[in-house]
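All of the numbers you see were taken from the coordinates with simple rules; none came from a lab. Note that the structure is a prediction, hence the values are computed from the model and not measured. Cβ: placed from backbone, ideal geometry, glycine included. Neighbour counts: every protein chain shown.
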Amino acid sequence: MKATNIKWDCKDDVLEYNIDECDLPTEVELPNNINVFDVADYLSDEYGFLVISFDFVE
C-alpha cells in the first residue's frame, strides 16, 4: 500500500515552512498492517507534520 499525492500542512502558530525546505515526501510506502483510517496519523507521527490530504493506492 502507498499514500500518494500527499499534501502537508506546513504551517504552525508562528511560522509557515517551505515544503521543499522540510524535505517531506509526496509518496510513502505504508506498513502492510496499517488500517486505512490510520494513514493520516501514521504519516503525521512519522514526519512530524499534519497531513491535509492524500490518495491511497493498494
### Task
Take peptides 33-41, 1-9 and line them up by average Cβ neighbours within 10 Å, highest first, as a rough protection proxy.
1-9, 33-41
### Query
Pulled fully out, how much extra length does the chain show between Val57 and Ala40, if you take 0.36 nm times their separation in residues and subtract their Cα-Cα distance?
4.7 nm
